[in-house]
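Read through the structure below, which is laid out as structure tokens, and then see the notes.
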Ligand SMILES: Nc1nc2c(ncn2[C@@H]2O[C@H](COP(=O)(O)OP(=O)(O)OP(=O)(O)O)[C@@H](O)[C@H]2O)c(=O)[nH]1
């Protein structure tokens, strides 16, 4: 977590320099926030608010003001799944962000939360050869059913079969993987829209349908562009921030919420099933500001 701490440490360096003109101080603070992946527009907004609201120019006053402003934009996402109905959760994200691994952690989480409820995994990433195998291995380890077809098959058909199968067996949770990469961006969006249409048609008002976007905590500003793509294509209900254990930065959750209105629900902190935690804004901001 060296990188994440760097922001807090550098912030304290800035305080310790002393004797700076006010404008220079805030300009340097802006640079630090941008480097911490808060994005230019959110940074300007935050620093303007801080200038207006600050109680005192001393270190503790500014730190406290910054903490409060960061927290203002960071409520945890709620999926509001309902064990009395069918719930379909679609996992979105570009390749390698940790979609499959975190889908499996999510399955493990709900095995504990809803021990009496049947669950099904849908291997909707039919584009990448190893993805179906990877998810199958998790299904086997977790002892949950999986609906799969071969690589290159139609992802919409896999997810269609999974939902109708869960409906006929009375299972209450379908966790569906999706491809994060297609031949090009237009193909990816088209495939997601198709899957989205199939799920909506099959579930109507009778089921809970949610989309979770997995963001790699080490990617910085690029994450914002990824989120825009998926949010525009099908709409995102919650973000799962993966690889937070090795996150060089992690500040991107602030612009995700302030610019796109996307809230984080979970944080992935490793590769085992236990390494998934509910997102805590307080812990996150403490971590961001820690020296
Ligand atoms: N340290 C750490 N590694 C993680 C975490 N989540 C996933 N990984 C690792 O990241 C790598 C990519 O994870 P996958 O789950 O295969 O990613 P994916 O998004 O499904 O990738 P594709 O299947 O290629 O789309 C794997 O080596 C995972 O073990 C996490 O929270 N922390």
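The values are calculated or read from the model by the stated rules, or taken from the named source; none is laboratory data. Since the model is a prediction, treat every value here as computed from it, not as a measurement. Quick reminder, even Gly has a Cβ in these numbers, built from the backbone with ideal geometry, and neighbours come from all protein chains shown.
Scanning the stretch 222-235 for residues that are within 15 Å of the ligand (Cβ to nearest atom) and surrounded by 19 or more Cβ atoms within 10 Å (Cβ to Cβ), we see that the one that is nearest to residue 91 (Cα to Cα) is 230. Scanning the stretch 78-101 for residues that are within 16 Å of the ligand (Cβ to nearest atom), touching a helix residue (DSSP H, G or I) at 6+ places or on another chain (Cβ under 7 Å) and part of a loop (DSSP other than H, G, I, E, B) yields 93, 94.
For every residue, the table says whether it meets (1) touching a strand residue (DSSP E or B) at 6+ places or on another chain (Cβ under 9 Å); (2) modelled with pLDDT of 90 or more; (3) farther than 28 Å from residue 158 by Cβ.
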| residue | (1), (2), (3) |
| --- | --- |
| 192 | yes, yes, no |
| 212 | yes, yes, no |
| 232 | no, yes, no |
| 268 | yes, yes, no |
| 272 | no, yes, no |
| 278 | yes, yes, yes |
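Per the listing 129, 75, 104, the residue uniquely more than 16 Å from the ligand (Cβ to nearest atom) and out of contact with any strand residue (DSSP E or B) (no Cβ under 6 Å at 6 or more places or on another chain) is 75.
Residue 261 passes every criterion in (1) within 17 Å of the chain's Cα centre (by Cα); (2) touching a residue at least 24 places away in the same chain (Cβ under 8 Å); (3) more than 16 Å from the ligand (Cβ to nearest atom); (4) more than 19 Å from residue 121 (Cβ to Cβ) apart from (2). Run residue 111 past the list (1) in a helix (DSSP H, G or I); (2) more than 28 Å from residue 201 (Cβ to Cβ); (3) within 16 Å of the ligand (Cβ to nearest atom) and report the number of the one that doesn't hold. With respect to (1) in a helix (DSSP H, G or I); (2) more than 28 Å from residue 201 (Cβ to Cβ); (3) within 16 Å of the ligand (Cβ to nearest atom), residue 111 is out only on (3). Scanning the stretch 129-149 for residues that are surrounded by fewer than 20 Cβ atoms within 10 Å (Cβ to Cβ) and within 17 Å of residue 195 (Cα to Cα) yields one hit, 149. I need the full set of residues from the stretch 277-291 which are in a helix (DSSP H, G or I) and buried (at least 17 other Cβ atoms within 10 Å of the Cβ), in order please. Once the filter is applied, which keeps residues that are in a helix (DSSP H, G or I) and buried (at least 17 other Cβ atoms within 10 Å of the Cβ), the stretch 277-291 yields 281, 284, 285, 287, 288, 289. The single condition among (1) in a strand (DSSP E or B); (2) within 16 Å of the ligand (Cβ to nearest atom); (3) out of contact with any helix residue (DSSP H, G or I) (no Cβ under 8 Å at 6 or more places or on another chain); (4) touching a residue at least 12 places away in the same chain (Cβ under 8 Å) that residue 245 does not meet is (1).
Comparison of 269, 219 shows that the only residue that is touching a helix residue (DSSP H, G or I) at 6+ places or on another chain (Cβ under 7 Å) and either under 22 Å from residue 110 (Cα atoms) or crowded, with 20+ Cβ neighbours inside 10 Å (or both) is 269.
Looking across the stretch 175-195, the residues that are crowded, with 20+ Cβ neighbours inside 10 Å and touching a helix residue (DSSP H, G or I) at 6+ places or on another chain (Cβ under 7 Å) come down to 175, 176, 177, 178, 179, 180, 191, 192, 195.
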